[in-house]
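K.L.:
To start, I am sharing the structure in question, which I have written as structure tokens.
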Amino acid sequence: MTAIIGAGIDRVDAALKVTGSANYPNDVAYPGLAHAALVRATVAAGRIRAIDTSAAEAAPGVLTVITHLTAPRLDRGPMTLLGPSPPAPIQDDRILHHGQHVAIVVADSPERARHAASLVRVEYETVKALLDLDDPRAEVTANPWNLDTDRGDVAAGFAAADVVVEGTYTTPDNTNNPLGLMSTVAIWHGDSLTVHDSTQWPHNVRTSLAKIFKVPESGIRVLAPYVGGGFGAGLRMWPHVILTVLAAREVGRPVKLVLTRPEMFTSVGHRPHSVMRFKLGATRDGRLMAIDADGVSPVAMEDDDYEPVSLCAATAYGCSHVRTRDRQVRLNIPCPGSMRAPAEGQGNFGLESAVDELAHALGMDPLELRLRNFAQADPESGLPWSSNALRECYRLGAERFGWSRRTPQPGSMREGRWLIGYGMAAVSYPAYQVPCQARASLHRDGSAFVRSAATDIGTGTYTVMTQLAAESLGLDVSRVRFDLGDSDMPYSPQAGGSGLTGALGNAVHLACRRLVGDVLDLVRDDANSPLRGMKLDDVTVDQGRVHRVGIPEQGEAYSDILARHGVEELSADGRSIPPRSEDLGMAVAGAFGAKFVEVRVDPDLGLLRVARVVSAIDGGRVLNEKTATSQIVGGTVGGISQAMFEDTATDRETGRIANATFGDYLIPVNADIPDIDVIFVGEPDPATPIGTKGVGEVGLVGLAAAIANAVHHATGRRIRTLPITIDQLML
Amino acid sequence: MEVTLNVNGSAHPLRLDARVTLLDALRDHLGLTGAKKGCDQGACGACTVLLDGRRVVACLTLAAQCEEREVTTIEALSEEGTPHPVQAAFARHDAFQCGYCTPGQIMSAVALLAEGRAGSEEEIREFMSGNLCRCGAYPNIRKAIRDVAEEG
């Protein structure tokens, strides 16, 4: 059999996507569909003194206007794997952030709903909003995730250091902004409910809605076969989903809500800004003696978010003396939430900039400094890594990039008017996996159907799971159909944390293995079968057949076995559980990466261009080179975007986001992005049967630091504040 | 308001609210959901369709402006199940991830090629810069277009 895994086959959903036939939640239509529009708060803190909906209610085509005065009391959603659910909407008159939903309007057309929403008059009693991390009135939580690190003796480590560097690094709010406007279509049939939603986690939507609307989970079906990107924005069930479901119940018709682009900035999370301090001490020969890191980020008034920005300092390098401290400050801001590489995306910028500063202070090549401090074992547990090819990433990435051509002195490389800078950064991405289930069925014609309630937000889940199932069952990929995005399917966790491919892949693998075992059970006492009495370990699968290991003649086709036994369909379930370091005696490793960047700076105009990027990645076993490369390329574009473009600007007086459109919030366009070179190194990771390590986030992390380090190399200017903009570069 | 939209070679007499955009007319009234809404403000290109052969963002075009003009959408590109060369190249080069911007990218690319503006990497980069891709498939989008341009 030709290798199915690793092969860069085209996406199995490519034909649907290039013809515009993939069905995203806002493509859904129903007879009698009504349309919703939201009314959002125009102050950041205070109370609604009065809300007048009479003009809106009288407008043509309006079916209902729901406010806190008319909404039923709703429970808050459940505690989830990712923390508490966001607060339920329109439950009282309090305003906790600018852009908070205060009403939902439903009409018979989107135009009429939007117009009527503009007629809702709200009077506010305003109080001074908490908008700054250093506002003395704001509530501060120390060690909010209980992840602060104390290893060794940091004071002694610094005392033994010859060189100490310390810097404060800041990152701005970034907004996920998947291109797909997040949308919900809700249809009640009596007590049962169908919801089409732009979610990364259909089961969470189902569980949450069941709790909030007090209906059984079995009566709720959540569909998300295609999602227009997520980058974390679809991980939680946000208040607008609840409002749409509520509105549909109220009007007794299907209701569709499509968030507007400005609403995407305040309704579905964002990467919160951070202020971080990293202090590193090393001996003259570049041995890290101590790391001291702290970070602070904001969180919304009545919500939670996971952003331990300083934590990366504890695990990135072999250093005996480490202290990390995180704090969270409650502000009147829209709920932050995970955005591709939460915490790591911010923290790595600070840490890897500081490492570059240390290299410069030592007069040492930054690559050499990192090699000298490679973590031979997991710095926290002391256990050997399940796999770690970071040094190969350094070596092969540097070779491909031509790092040896770098002359150390800042400003020493030029081409015409352009100053050239080479910069690099390392990434040690944490491993993450949670339990997952899948079901595999074999049909009488020898084809297979495998499914799980996962999502494919562009990551390639449809494709790689088809490949994995084909491999595990010994079928051609054309004989396997993999389906997802339906909460009626077996439980899947969220597409997030770079954890889905591992969790789902192992569940698919187990389901398929059990299915082969069930086929063997069928012929256990079958005198007509050459496989009679065989066990799973005795056989292999290939070309739609099961045969004895090493003896292809001694076997038979699935279709023959099923036909002879009169079985139309045979199904088996697989449940994966996350590998545990303590069971394996190895630290379960996430992905590693080394990023190399060439920038060009025009010293007169302050122009900054990324000319080349090489990303060398240890992602464990690569299931599909084409889609895995796209993950890294896409992450790299996200990293360039974080470094040079993205900055959600909040007005410090009003709490209003001042640039909540694609005209004002900058993300890269085609012309901003160079060709991106991706190299996969490393081996299948032994911690799980399928050997993958997630590659969804490792592509983004490191770019911001590598670009800032390259800018320093080009200009001698150290930029510690993102994004890097022209005004910081005018020389 | 009454308007007849000529879409992909068929005439569709419609009765529409005067505020209805070409994008919403296609999506909500004709069931042609290939063109996507990414911003509704003319800034992302996900709704790109051809109007008399030229690229327009359908979200900033009122349906009322399209009387007696020919609208071409992604749904018309492949013929009897055979993908358009640009569609095939996008699939081959993995020039998309979530796929949401893809119909707009492909419509822009088709027009670009027809206009003779895909002669170089630099041209493609510039003239494709009205179509945002948040998944970051830009390098593969260029490869796909380059491939078709070189095939002639």
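The values are calculated or read from the model by the stated rules, or taken from the named source; none is laboratory data. All figures in this text were calculated on a predicted structure; none of them were measured in a lab. Here Cβ is always computed from backbone atoms with ideal geometry, including for glycine, and neighbour counts include all displayed protein chains. For accessibility, only protein heavy atoms count, side chains too; no ligands or nucleic acids. Shrake-Rupley method; radii C 1.70, N 1.55, O 1.52, S 1.80 Å.
K.L.:
Towards the positive end of the charge dipole of the range B:2-76, with charges on Cβ (+1 Lys, Arg; -1 Asp, Glu), say which of B:Thr21, B:Ala43, B:Leu60 has the farthest Cα.
P.N.:
Ranked along the dipole, the leading option is B:Ala43.
K.L.:
Can I ask one more? Using the Karplus equation 6.51 cos²θ - 1.76 cosθ + 1.60 (θ = phi - 60°), what ³J(HN,Hα) coupling, rounded to whole Hz, does each residue of the range A:408-414 give in order, writing x for Gly and Pro?
P.N.:
Values, residue by residue: x, 5, x, x, 8, 10, 9 Hz.
K.L.:
Carbon and sulfur together cover what percent of the accessible area of the protein assembly as shown at a 1.4 Å probe radius?
P.N.:
On the way: 15240 of 31150 Å².
Reported share for carbon and sulfur atoms: 49 percent.
K.L.:
Sticking with this one: Considering only the protein assembly as shown, what is the antiparallel percent among its DSSP beta bridges, to the nearest 5?
P.N.:
Around 80 percent of the beta bridges assigned by DSSP in the protein assembly as shown are antiparallel ones.
K.L.:
Moving on to the next point. Give me the net charge for the shell around A:Thr636: Cβ to Cβ below 10 angstrom, other residues only, Lys and Arg +1, Asp and Glu -1.
P.N.:
Computed value for this residue: 0.
K.L.:
Treating cross-link reach as a plain straight distance, find the lysines whose alpha-carbon is under 23 Å from the alpha-carbon of B:Lys37, omitting any fewer than eight places away in the same chain.
P.N.:
By straight Cα distance, B:Lys37 reaches A:Lys17, A:Lys256.
K.L.:
Would you kindly state how much longer the chain becomes between A:Asp92 and A:Ile551 on full extension, computed as 0.36 nm times their sequence separation minus their alpha carbon distance, in nm to one decimal?
P.N.:
Extending this stretch completely gives an extra 158.1 nm.
K.L.:
For every other residue with a beta carbon closer than 9 angstrom to the beta carbon of A:Val329, add +1 if it is Lys or Arg and -1 if Asp or Glu, then tell me the sum. Don't jump to the answer; show the numbers that get you there.
P.N.:
Details: positive: A:Arg327, A:Arg330; negative: A:Asp132, A:Asp134, A:Asp135, A:Glu139.
Overall, the nearby charge balance is -2.
K.L.:
To the nearest 20 Debye, how big is the dipole of the range A:341-484 about its Cα centre, given +1 on the beta carbon of each Lys and Arg and -1 on that of each Asp and Glu?
P.N.:
340 debye
K.L.:
Among the trypsin sites (Lys or Arg not before Pro) in the range A:486-568, which ones are in a DSSP loop with at most 14 other Cβ atoms within 10 Å of the Cβ? Mind listing them?
P.N.:
Listed in order of number, the matching sites are A:Arg524, A:Arg532, A:Lys535.
K.L.:
Then there is this: Give, rounded to the nearest 20 debye, the magnitude of the charge dipole that the protein assembly as shown has about its Cα centre when Lys and Arg contribute +1 at Cβ and Asp and Glu contribute -1 at Cβ. If you can, show how the numbers build up before the last one.
P.N.:
On the way: 84 positive and 107 negative charges, 137 e Å.
The calculated dipole for the protein assembly as shown is roughly 660 debye.
K.L.:
Based on alpha-carbon centroids, what's the gap between the range A:537-581 and the range A:174-205 in Å, whole number please?
P.N.:
Cα centres, the range A:537-581 to the range A:174-205: 37 Å.
K.L.:
Do you know the relative contact order of the range A:611-698, to the nearest whole percent, from alpha carbon pairs under 8 angstrom that are 6+ apart?
P.N.:
Values: 110 pairs, mean separation 47.3, N = 88.
After rounding, I find 54 percent.
K.L.:
Also: Restricting everything to alpha-carbon atoms, can you work out Rg to Rh for the protein assembly as shown with a Kirkwood hydrodynamic radius?
P.N.:
With Rh from the inverse mean 1/r over Cα pairs, Rg/Rh is 0.97.
K.L.:
Now, a different point. When a/c is below 1.5 the answer is rounded, else prolate if a/b is larger than b/c, else oblate, so apply that to the range B:70-126 with a ≥ b ≥ c taken from the square roots of the Cα gyration tensor eigenvalues.
P.N.:
oblate
K.L.:
Once amide H atoms are placed 1.01 Å from N in the peptide plane, what residues at a sequence separation of 5 or more from A:Val222, or on another chain, have their amide H within under 5 Å of its amide H?
P.N.:
A:Val195, A:Ser487, A:Asp488
K.L.:
Something else now. Set the Förster distance to 60 Å, then compute FRET efficiency between A:Leu605 and A:Ala563 from the Cβ-Cβ distance, nearest 0.05.
P.N.:
So the FRET efficiency works out to roughly 0.25.
K.L.:
Moving on to the next point. Picking from A:Cys319, A:Gly402, A:Leu147, whose Cα lies most toward the positive end of the charge dipole for chain A (charges on Cβ: Lys, Arg +1; Asp, Glu -1)?
P.N.:
In chain A, that residue is A:Gly402.
K.L.:
Another question, if that's okay. What is the list of residues in the range B:18-33 whose amide nitrogen lies under 18 Å from a point 7 angstrom out from the Cα of B:Asn6, following Cα to Cβ?
P.N.:
So the set is B:22, B:26.
K.L.:
Using the alpha-carbon atoms, what tilt in degrees (0 to 90, nearest 10) does helix B:102-114 show relative to the longest principal axis of chain B?
P.N.:
For B:102-114 against chain B, the angle is about 80 degrees.
K.L.:
What net charge is computed for the residues neighbouring B:Thr48, neighbours being all others with C-beta under 10 Å from the C-beta of B:Thr48, Lys and Arg scored +1, Asp and Glu -1?
P.N.:
So the environment of B:Thr48 carries a net charge of +2.
K.L.:
Please report how far the C-alpha centroid of the range B:75-126 lies from that of the range A:307-356, rounded to the nearest whole angstrom.
P.N.:
40 Å
K.L.:
Also, quick follow-up: Suppose a student asked you for the relative contact order of chain A, using Cα pairs under 8 Å spaced at least 6 residues apart; what percent would you report?
P.N.:
Relative contact order here is 16 percent.
K.L.:
Calculated FRET efficiency, A:Thr654 and A:Ser118, Cβ-Cβ r, R0 25 Å, to nearest 0.05?
P.N.:
Calculated value: 0.80.
K.L.:
Cut-off under 14 Å on the C-alpha distance; same-chain residues fewer than 8 positions from A:Lys626 excluded. Which aspartates and glutamates are left, in chain and number order?
P.N.:
In chain and number order, the partners are A:Asp10, A:Asp13, A:Asp677, B:Asp94.
K.L.:
Also: When the helices in chain A are scored as -39500 (n - 2.57) per DSSP H run of 4 or longer and the sum is shared across all residues, what 222 nm value do you end up with, to the nearest 500 deg cm²/dmol? Write down the numbers at each step before the final one.
P.N.:
Details: 18 runs with 184 residues, N = 731.
Only helices count here, giving -7500 deg cm²/dmol.
K.L.:
How much of the DSSP beta bridge set in the range A:570-721 is antiparallel, as a percent to the nearest 5?
P.N.:
DSSP beta bridges in the range A:570-721 are roughly 70 percent antiparallel.
K.L.:
So which trypsin sites (Lys or Arg not before Pro) in the range A:58-149 are both in a DSSP loop and have at most 10 other Cβ atoms within 10 Å of their Cβ?
P.N.:
For trypsin sites (Lys or Arg not before Pro) across the range A:58-149 that sit outside H, G, I, E and B with at most 10 neighbouring Cβ atoms in 10 Å, the list reads A:Arg73, A:Arg137.
K.L.:
Between A:Leu81 and B:Arg69, how many nm apart are label points set 7 Å from Cα along the C-beta direction?
P.N.:
4.8 nm
K.L.:
Ok, one more. Could you please state, rounded to a whole Å, how far the C-alpha centre of the range A:17-33 is from the C-alpha centre of the range A:607-655?
P.N.:
29 Å
K.L.:
Okay, moving on. HN-Hα J couplings of the range A:448-459 from phi, Karplus 6.51/-1.76/1.60, θ = phi - 60°, integer Hz, Gly and Pro as x?
P.N.:
Values, residue by residue: 10, 10, 10, 8, 6, 7, 7, 10, 10, 8, x, 6 Hz.
K.L.:
Mind listing the phi-derived Karplus ³J(HN,Hα) values for the range A:52-64, rounded to whole Hz, using 6.51, -1.76 and 1.60 with θ = phi - 60°, and x for any glycine or proline?
P.N.:
Result, ordered by residue: 10, 9, 5, 5, 5, 5, 7, 5, x, x, 6, 9, 6 Hz.
K.L.:
Let me ask something else about it. With +1 on the Cβ of every Lys and Arg and -1 on the Cβ of every Asp and Glu, and nothing else charged, how large is the dipole of the range A:617-731 about its Cα centre, in debye rounded to the nearest 20?
P.N.:
220 debye
K.L.:
Once the dipole of the range A:189-237 is set up with Lys and Arg at +1 and Asp and Glu at -1 on Cβ about the Cα centre, which of A:Pro216, A:Gly229, A:His196 lies farthest towards its positive end?
P.N.:
A:Pro216
K.L.:
Next up: List the GluC sites (Glu not before Pro) within the range A:590-666 that DSSP assigns to loop and that have no more than 13 neighbouring Cβ atoms inside 10 Å.
P.N.:
Values: sites: A:Glu598, A:Glu625, A:Glu646, A:Glu653; in loops: A:Glu646, A:Glu653.
Of the GluC sites (Glu not before Pro), the ones in loops of the range A:590-666 whose Cβ has at most 13 other Cβ atoms within 10 Å are A:Glu653.
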